[in-house]
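Since the structure comes first, as structure tokens, the remarks are kept for the end.
None of the figures in this text is laboratory data; all of them are computed from the coordinates on show. Being a predicted model, the structure only gives us computed values, none of them experimental. Glycine gets a Cβ as well: all are built from the backbone with ideal geometry, and neighbour counts include every protein chain shown.
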Amino acid sequence: MLKTLFESSRTTKRLISLAYDSLAITLSLYVAICLRLGSFNIPITERELATLAITIVFTLGAFIKMGMYRAILRYMTPQALNTVFLGTCFSALILAVGSFFTHSFIPRSVPFIYLTVALILLGGPRLLVHHIVMVLNGQKLGSKEPVIVYGAGYTGHQLRLALKATNYKVVAFVDDDLSRQGSVFANIRVQSPAELPQIIRKYSATRVLLALGNTPHSRRAEIIKGLEPLGVTVQTAPAIPDLISGRARIEHIRDVDIEDLLGRDPVKANSELLSACITGKVVMVTGAGGSIGSELCRQIVRQKPRRIVLFELNEFSLYRLEAELQQIITQANLTVEVTPLLGSVQKEHRVETIMKTFSVQTVYHAAAYKHVPLVEHNIVEGVRNNVYGTWYTAEAAIRAGVESFVLVSTDKAVRPTNIMGASKRMAELVLQGLSLRQTNTRFTMVRFGNVLGSSGSVVPLFRQQIKVGGPVTVTHPEIIRYFMTIPEAAELVIQAGSMGTGGDVLVLDMGEPVRIVDLAKRMIHLSGLSVKTDTHPDGDIEITYTGLRPGEKLYEELLIGNNVSGTMHDRIMRAEEYAMPWLETKAVLDELDKACHEYSCDKVRDLLMLAPTGYTSEEELGDAVWLHKTNTAKLRVIK
């Protein structure tokens, strides 16, 4: 019976509620008069019936207006109970006014008694139904998971309210603000973080939820570091800007962001540098659908260019990005034209035609193959895309009269030990040579390290490995990397591009490098698990070392030499590095092109080593096609 009632339509439930409330109002008035007169035999005339009718009609109308019949009982909040109270007070007022105008025989004290009885009859059943639903859903108070909320501010309060309709029960608040400690926050005492071990033991809590609002990343990192040894899962509530923008809701609990682990506070952007090459201009982004390219597009659109040309080889990535940008433009009420175009940077005529047709003024060249192992197994295509794709796009930009051309480079271009890094350094040399050859188009190279959340990032890989119980795979116990968030990297690329004077290599300050194994351990600990080692064989997750991949370095560098100078931005440095004259660069490119055409991967590697790229490698060539051809040829000779 109850199950049928709960699963009935919303209209049916509302009609039942209206019928019950009419009956409850009638019964409340009868009981109130009986209590006042001390007898069940009360005189009922047309006047009293008229008063009752007025009270019912106006009360139900007020309840409808206040949204009482839109509330879902299983998710009923204190605000809903306040609505019941206010609606009942209004009903008592209508009763008093109605009895006055109808001259009915209702003593003056009856509305006050009616208010108490009506609160019981109107509010009580709603609380009862709410409790029954919770029981049927297995959400009784005792079955909820106890959680601790770190942060007793606005975010913590909103989080507690949102969690009431979930399987979580907030058992304690902790806050490092001394003025809040000891106070009672939503009927729960706020305690010091130093008391966390005792709180965890007392309530058997296995989860700490961070409600830190706009707390800086550096402070978040300190808090998270203090929670690591406690053996609890640490998660976080969405940031206030995400809540305001509607991108997230308060109950969207998620794992701790990696930027919180690193503790890097973003530097305030220079608005003049952000807009210098974009606002009111026609901007083109190659590789627009990639992780860096797409973030560049998001930030470029917000700087109000006249038009943004999205150039991408992957059809689905282009489709998805255009839809997202159109949504941003609509929400921000911008007047930016978005032109999505399919194509490859290796098609020089296609690129030049696009640039001339739309009078492109600024180009951000993010198109590249960047996965080290994949490029090692696809040497010719990697060189074609990274070196010649950059060259052809740059030549097209010169002929089309592009003002500024910014190459998104990588720290792997510094003393490279793999084909990918060597190809990116060669691309830098090409642009440096073109800068010496002409001055109409200003070429700038921006070099930085790993970005968090990009395709191939270790962070989502570690999360997945922890989720399935491990092992977590790390290539080497001593490997270190620089990390930066995608939005921060894209923002700095745009600002750096505005500071270039021609042939500049600008380097982003990546902060302190991070040992990958330390990052893995922290992610395991913050999942409420322990690391399994020889000395701790009962641990939950094992870390295994797979060995360095072909061409992979233990650590990455951002500078080739020590000749570096500052710029007007705290996080951007200018590196003075060797550049070849254009004729020498062209000679290398011609030889490299011939080797690629002949599919001589060994010669491609030798030429990259002979060029001033700094490329060194003792690894065997891993190109799959070249290896198969070579092995087949050897077998023929043997036969």
> Between Thr546 and Leu93, what is the FRET efficiency for a Förster distance of 51 Å, r being their Cβ-Cβ separation, to the nearest 0.05?
Replying inline: 0.10
> What ranking, highest mean first, results for peptides 345-353, 308-316 when packing means the other Cβ atoms within 10 Å averaged over each residue?
Replying inline: 308-316, 345-353
> Expressed in nm to one decimal, what extension gain is obtained for the pair Glu145 and Asn314 from 0.36 nm per residue of sequence separation less their Cα-Cα distance?
Replying inline: 56.4 nm
> Among Tyr578, Tyr615, what is the fewest-to-most ranking by other Cβ atoms within 10 Å?
Replying inline: Tyr578, Tyr615
>> Quick check: pseudo-label points 7 Å beyond the Cα along Cα→Cβ at Lys65 and Thr616, how many nm apart are they?
In response: 8.4 nm
>> Full-extension gain between Glu272 and Leu161, please, as 0.36 nm times their residue separation minus the C-alpha to C-alpha distance.
In response: 35.7 nm
> Fully extended, how many nm does the chain gain between Thr279 and Lys629 (0.36 nm per residue separation, minus their Cα-Cα distance)?
Replying inline: 120.9 nm
>> Under 10 °C and 1.306 mPa s, how fast does the range 356-416 diffuse according to Stokes-Einstein, given a Kirkwood radius computed over C-alpha pairs? Answer in µm²/s, whole number.
In response: 124 µm²/s
> Order of Asp602, Asp623 from fewest to most other C-beta atoms within 10 Å?
Replying inline: Asp602, Asp623
>> Could you compute the net charge surrounding Ile42? Neighbours are other residues with a C-beta less than 10 Å from the C-beta of Ile42; K and R count +1, D and E count -1.
In response: 0
> Among Tyr369, Tyr150, Tyr30, which comes first, second and so on when ranked by fewest other beta-carbon atoms within 10 Å?
Replying inline: Tyr30, Tyr369, Tyr150
> Rounded to the nearest 0.05, what FRET efficiency is calculated for Ser359 and Glu598 with R0 set to 35 Å and r the Cβ-Cβ distance?
Replying inline: 0.35
> For Ser192 and Asn214, what is the calculated FRET efficiency with R₀ set at 22 Å and r taken between the beta-carbons, to the nearest 0.05?
Replying inline: 0.50
> Over its Cα atoms, what ratio of radius of gyration to 2.2 N^0.38 Å does the range 389-477 give?
Replying inline: 1.49
> Label-point separation (nm) for Leu37 and Val468, each offset 7 Å from Cα along Cα-to-Cβ?
Replying inline: 7.8 nm
> Out of residues 5 or more away from Lys532 or on other chains, whose amide H comes under 5 Å of its own, with H placed 1.01 Å from N in the peptide plane?
Replying inline: Asp540, Ile541, Glu542, Ile543
